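Comments concern the structure below.
The values are calculated or read from the model by the stated rules, or taken from the named source; none is laboratory data. These numbers come from a predicted model, not from an experiment. Heads up, the Cβs are rebuilt from the backbone with ideal geometry, glycines too, and the neighbour counts pull from every protein chain shown.
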């Protein structure tokens, strides 16, 4: 028999459970958890015998509280402990005052300047690095204040550029795409139209020798247009939806929805890895999508750390 006590108990349990899940999503997963997500693969066009370990950091969204300098220092230390050959930063380093106070670029960049890798730390910019910079929006071009802050601590920022590196006598290429949503329209009421500054063909035109290509592209939506010459594309931007249940995210900032929301995607033999990111955008909540450092071993397994 359903009694008044049963109904009240059930209602109380539902409210308590909802509050518990909300507290976890707002106060625990985004602030206290930090995963290392590992991938091991030998993509198409990869040079035999070339083993490369890369760490990928995406969507930091430095803001206080939530992603303060202590938290960034923790992420940097955890990344360095993984001993990557190369560390790649995929954009969206800061955030407007959506859910806190912004941190000056020089301060969060100083923490990222402590990243260490024998083949360097390399970066591209994301949409928020452009959107939250009024002067570049007015001019329609960079450099952005976030890009200048990174370069001031010795981290090169790629804007439709490629660079050749050599490990153990074997060459590989890093290609960094300009942001695909960089410029907002002049009339802010029409936010549905964004103007990209990406130039995929121009970026890859700088690849003028042998060796596999690693493409850094903040948004994954470019992937259907990426040619076979690129061995692996690395992206962020989606945050894995920030809320993810049973492999599905109800809201994904991509025209492709969940197709490129998160993880390792292989289409027609081409590989894409989308990071779930580190910080939060719009709402300071994560559920089923904890902040992550992505660790990729390319060309064969390496010793786990």
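If you check 104, 118 for being more than 23 Å from residue 297 (Cβ to Cβ) and surrounded by fewer than 17 Cβ atoms within 10 Å (Cβ to Cβ), only one passes: 104.
Note on the stretch 29-65: residues that are more than 22 Å from residue 274 (Cβ to Cβ), out of contact with any strand residue (DSSP E or B) (no Cβ under 9 Å at 6 or more places or on another chain) and buried (at least 19 other Cβ atoms within 10 Å of the Cβ) amount to 0. Filtering the stretch 260-272 to residues that are surrounded by fewer than 22 Cβ atoms within 10 Å (Cβ to Cβ) and touching a helix residue (DSSP H, G or I) at 6+ places or on another chain (Cβ under 9 Å) leaves 263, 265, 267, 270. Note on the stretch 150-175: residues that are buried (at least 19 other Cβ atoms within 10 Å of the Cβ) and out of contact with any helix residue (DSSP H, G or I) (no Cβ under 7 Å at 6 or more places or on another chain) total 5.
Of 204, 215, which residue is modelled with pLDDT of 95 or more, outside any strand (DSSP E or B) and crowded, with 19+ Cβ neighbours inside 10 Å?
Among 204, 215, only 204 is modelled with pLDDT of 95 or more, outside any strand (DSSP E or B) and crowded, with 19+ Cβ neighbours inside 10 Å.
Please go through the stretch 66-76 and pick out each residue that is in contact (Cβ under 8 Å) with a residue 12 or more places away in the chain and either over 16 Å from the mean Cα position of the chain (by Cα) or surrounded by fewer than 14 Cβ atoms within 10 Å (Cβ to Cβ) (or both).
Just the residues of the stretch 66-76 that are in contact (Cβ under 8 Å) with a residue 12 or more places away in the chain, to begin with: 66-69, 71-76.
Of everything in the stretch 66-76, those that are in contact (Cβ under 8 Å) with a residue 12 or more places away in the chain and either over 16 Å from the mean Cα position of the chain (by Cα) or surrounded by fewer than 14 Cβ atoms within 10 Å (Cβ to Cβ) (or both) turn out to be 66, 68, 69, 71, 73, 74.
Condition first: surrounded by 15 or more Cβ atoms within 10 Å (Cβ to Cβ) and over 30 Å from residue 167 (Cα atoms). Now tell me which residues in the stretch 273-290 satisfy that. Reasoning before the result, please.
Taking the stretch 273-290 first, the residues surrounded by 15 or more Cβ atoms within 10 Å (Cβ to Cβ) are 273-281, 284-290.
Within the stretch 273-290, 279, 280, 281, 284, 285, 286, 287, 288, 289, 290 meet the criteria.
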